[in-house]
Each structure stands twice: as structure tokens, then as C-alpha cells.
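Okay, structure first, notes after.
The values are calculated or read from the model by the stated rules, or taken from the named source; none is laboratory data. The structure displayed is predicted, hence computed values, not measured ones. FYI the Cβ positions are ideal-geometry reconstructions off the backbone, even for glycines, and counts take in every protein chain you see. Ligands, DNA and RNA are excluded from the accessible area calculation, which covers all protein heavy atoms including side chains. Shrake-Rupley method; radii C 1.70, N 1.55, O 1.52, S 1.80 Å.
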Amino acid sequence: MLSIIPQRIATSQLPAQQLRLISTSSYSLSGHNRWSKIHRGKAVEDGKKSIRFSKAVNEIILAARRGLDPANNASLASALRNAKSLDVPKDNITAALAKAAGPQGGDSDEVRVASTYESIGPGNFPMIIETMSDNPNRTAKTVRRILKDRGGFTAPVAYAFKKIGK
């Protein structure tokens, strides 16, 4: 077997113009590019968008339980307008409507219950708190704890409000 071994040339034998550096970039710039500057901000924006989409979908599900026709259900029409203004994808909206339709239209494993709590908040102003949860007992405890921590309490205050719309 014949092998070719390159001859080594001493650097002192080469003229100065022929000596070159192998790499001109420094090690401190390794791994830094445009994506490394963008991805952190993109992750934050994607997280905010996900929260907005989830809230819009939950609002649609709650409103659709009262009726699936937006012409007869003002809260559903409002929820759909809100979702479209937030640029929620059409697939997410149709999935939310199917989920609200029940066992015929979609996944009914998770049952959400709407609850209303009347309370007096800090500064003695009346509040009506509307919630939607899969566990109403946990939600009631959480609402009471939040009110207590902020100087409020539950009390009948519905007489101070007038319901407008459906």
C-alpha cells in the first residue's frame, strides 16, 4: 500500500504574504445569530396569544351552552365577534362550538359549570363575579379566599344591578 505523506514546511521558509490565519472569527461570537435574539421575544408573544385564544374559546363555549344560533344568542354573537377581533383561528372557533354542542358534536369529557357570586369588595362596592369552571367547589373556595385577602366578603348585592340584554 502506497501512502502519500505531505511534506511539512517550516514557517520560516515561507514569505510573510503566504502565511494566513485559518479562522478570522473570534470564539465569543459563536452561536449568536439573528434567531437567538428573536426567539425569546417570540416565546413571550406566543404565550400572550395563547392566553388570549384560550379566554376567547372559553367564552364561546360558555355562551354556546345557551344556544348555538348567534342570531338568537346575543352572548354567543358577542363572543364570536370578540374571537374574530383577536384573530382566533377558525378551526379553534369551530372546535369550541362542537365542544359546547355536547356528546353529538364533540368531546364532552370536561363539563364546565358557570357560577355567579355576589360580593362586597374593598371600599364597600358591590360586585357580581361570573366564573366558569370544571370544579365549582374549588372555584367557590378560591373566590372567597381572594375576597378575604383583599378585604371583601360575599353578600347579596343583585338588587343593586340591572340586567340588560339576554
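Of note:
- Calculated SAXS-style log₁₀ I(q)/I(0) at q = 0.20, 0.29 Å⁻¹ - region 33-91, Debye, Cα scatterers: -0.72, -1.11
- The local environment of K141, defined by Cβ-Cβ distances under 13 Å, has a net charge of +3 under the rule Lys, Arg +1 and Asp, Glu -1.
- Residue-normalised accessible area of region 50-166, expressed per residue, 1.4 Å probe, Å²: 68
- Applying the Karplus relation 6.51 cos²θ - 1.76 cosθ + 1.60 with θ = phi - 60° to region 127-132 yields 3J(HN,Hα) values of 9, 10, 10, 9, 10, 9 Hz, where x marks Gly and Pro.
- Cα centroids of region 26-101 and region 108-166: 25 Å apart.
- Charge tally around A83: other residues with Cβ under 15 Å, Lys/Arg +1 each, Asp/Glu -1 each, net +4.
- Value of Rg/Rh across region 120-166 [Cα atoms, Kirkwood radius]: 1.01
- Note on K49: lysines with a C-alpha under 16 Å away, same-chain residues under 8 apart excluded, are K84, K90.
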